[in-house]
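**Student:** Below you'll find the structure I mean.
None of the figures in this text is laboratory data; all of them are computed from the coordinates on show. The structure presented is a predicted model; accordingly, all values stated were derived computationally and were not measured. Neighbour counts run over all protein chains shown; Cβ positions are idealised from the backbone, glycine included.
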């Protein structure tokens, strides 16, 4: 049976991660929302997922490597060890030239950015732990939710491209004007979202009985969505109307 409260918490973090941001800079306010929402899920999901982590070494290793990679770069190192790393000797010489002692320094050259990268991992790690304790039906609902957000973002991206440089319905002031970004602020991140949704869509279709025309149109829609056709995710071109007719027909068939 699905635990509705726990499932709702997972869905909330998933939706916030897919709707906020997608920018090219760290530390934006849009990054903070999913990170804060992931904290309650982490607190609830980790104890629930711990028995599964103890019995599945691959899941435990994946979690440790994902979280440990940025954290290990923040551990201070003694000067004699830090200076033998590639490129560090020049930095140490520069610091010495201005009268500064290198002291104990972490592996990361920009610790603040590395720590923000660690914070950016909180939502996916929280969802990973949450999914470990969900049953098949609950995981399927989350998968359908992710695909639904992707499908809803496609018409928005179409309007953004059709609107041109001035009138596109963009959600952020700093964005890729004239290109489809969906709910994001960056076209490349929107394209990455589309690619990520392909296996989720295929997995969802495996459990849903659809008529052949519906299945074909659904797959055609996502094929066109993630193709290398620059008319959609990149920018406006002379032959923009033809690919949009394909996508709109796919939406209508669905």
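**Student:** Could you list 140, 54 so that the one with the fewest beta carbons within 10 Å of its beta carbon is first and the one with the most is last?
**Tutor:** The order, fewest Cβ neighbours first, is 54, 140.
**Student:** When a footprinting reagent is the concern and you count Cβ atoms within 10 Å, what order do 156, 39, 129 take, fewest first?
**Tutor:** In order of increasing Cβ crowding within 10 Å: 39, 156, 129.
**Student:** Now a separate question. Label-point separation (nm) for residue 196 and residue 58, each offset 7 Å from Cα along Cα-to-Cβ?
**Tutor:** About 2.1 nm separates the two model spin labels.
**Student:** Let me ask you something else. Find how many whole Å separate the alpha carbon centroid of segment 125-161 from the alpha carbon centroid of segment 1-70.
**Tutor:** The distance from the Cα centre of segment 1-70 to that of segment 125-161 comes to 14 Å.
**Student:** Kindly state, to the nearest 0.05, the FRET efficiency for residue 65 paired with residue 152, given R0 = 45 Å and r defined as their beta-carbon distance.
**Tutor:** Taking R0 as 45 Å, the efficiency between residue 65 and residue 152 is 0.85.
**Student:** If neighbour count is taken as other Cβ atoms inside 10 Å, put 15, 32 in order from fewest to most.
**Tutor:** Taking fewest neighbouring Cβ atoms as first place, the list is 32, 15.
**Student:** When the chain is fully extended, how far beyond the present Cα-Cα distance does residue 101 get from residue 203, taking 0.36 nm per residue of separation?
**Tutor:** 31.1 nm
**Student:** Taking the Cβ-Cβ separation of residue 36 and residue 91 as r and a Förster radius of 45 Å, what is the calculated FRET efficiency to the nearest 0.05?
**Tutor:** 0.85
**Student:** Could I have the simple spin-label model distance between residue 117 and residue 74, label points 7 Å from Cα toward Cβ, reported in nm to one decimal?
**Tutor:** About 1.3 nm, to one decimal.
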